[in-house]
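The values are calculated or read from the model by the stated rules, or taken from the named source; none is laboratory data. The structure presented is a predicted model; accordingly, all values stated were derived computationally and were not measured. FYI the Cβ positions are ideal-geometry reconstructions off the backbone, even for glycines, and counts take in every protein chain you see. Remember, those area values only see protein heavy atoms, side chains included, never the ligands or the DNA or RNA. Shrake-Rupley method; radii C 1.70, N 1.55, O 1.52, S 1.80 Å.
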Amino acid sequence: MAKRETRQEILQAAGRVVLAQGVGALTLEAVAAEAGLSKGGLLYHFASKEELLSGMVDRLIEMTEERIERAMAKDEGPGRWTRGYLAACAVDPSGQDPLDRLATALLAAGATDPGLLDRLRRHETAWNELSRADGLDPTTASIVRLAADGLWMNDLFGIEVLSAKERAAVQKRLAEMTQGEGGRL
């Protein structure tokens, strides 16, 4: 397996460990076992637990940006970045999405060490700027982003605020808010 593929498998294994056993179980030994590696094999890719957690943050950001870019590639006009963000926040109902596993693990780890999320905070600032420059009314773009984040968090933690039908209607309305007349309410 190539070095990048092994790193990705380690990061996914870390997410699986946290989801199955909780953030307290996130040890290098547990992640190595979940990934089918020796501890030394894991240490080749991540020299410490902090490096592993930083790698998880980086991968979460990278996967989110990849999803935004994929959605934007099929879209054009004002609001395409915001619609891409909305699409990137859609949770896979199968529970097998590696982005969701990473996010859950990081949110849990961030609760114990808020500094782990500094990179994510910096990207959120950059994403806010992209959203504001998206050709939409900035308030509308912010409403859509915050609602997308809220839907994502509810899905991620299994908090059923909306039925599947209601959720689909909300997502549709959010997408509609990014269309026409510069996204004005």
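From the list A147, A169, the one residue that fits, being at pLDDT 90 or above and exposed (fewer than 15 other Cβ atoms within 10 Å of the Cβ), is A169. Looking across D75, D58, one residue alone is touching a residue at least 60 places away in the same chain (Cβ under 8 Å) and surrounded by fewer than 21 Cβ atoms within 10 Å (Cβ to Cβ). It is D58. Restricting the search to helices (runs of 4 or more DSSP H) fully inside region 1-86 and requiring at least 1 residues that are closer than 30 Å to L130 by Cα, modelled with pLDDT under 90 and not polar (S, T, N, Q) gives 3-21, 49-73.
Taken together, the residues in region 130-153 that are over 12 Å from L174 (Cβ atoms), assigned to a helix (DSSP H, G or I) and more than 18 Å from the chain's Cα centre (by Cα) amount to 3.
Inclusion of A103 among residues that are closer than 22 Å to L151 by Cα, assigned to a helix (DSSP H, G or I) and at pLDDT below 90 is warranted.
Within the set of pairs 6 or more residues apart or between chains, which connect a residue that is on the phi < 0 side of the Ramachandran plot and surrounded by 18 or more Cβ atoms within 10 Å (Cβ to Cβ) inside region 105-126 to a residue that is modelled with pLDDT of 75 or more and not in a helix (DSSP H, G or I) with Cβ atoms less than 9 Å apart? Listed pairs, sorted by first residue: A105/L26; A109/L26.
For region 7-49, which positions are hydroxyl-bearing (S, T, Y) and either open to solvent by 50 Å² or more (accessible area, probe 1.4 Å) or over 23 Å from the mean Cα position of the chain (by Cα) (or both)?
Scanning region 7-49 gives T27, S38, Y44.
For residues that are open to solvent by 60 Å² or more (accessible area, probe 1.4 Å), without any contact (Cβ under 8 Å) to a residue 12 or more places away in the chain and either touching a helix residue (DSSP H, G or I) at 6+ places or on another chain (Cβ under 8 Å) or on the phi > 0 side of the Ramachandran plot (or both), tally how many sit in region 150-161. Qualifying residue count, region 150-161: 3.
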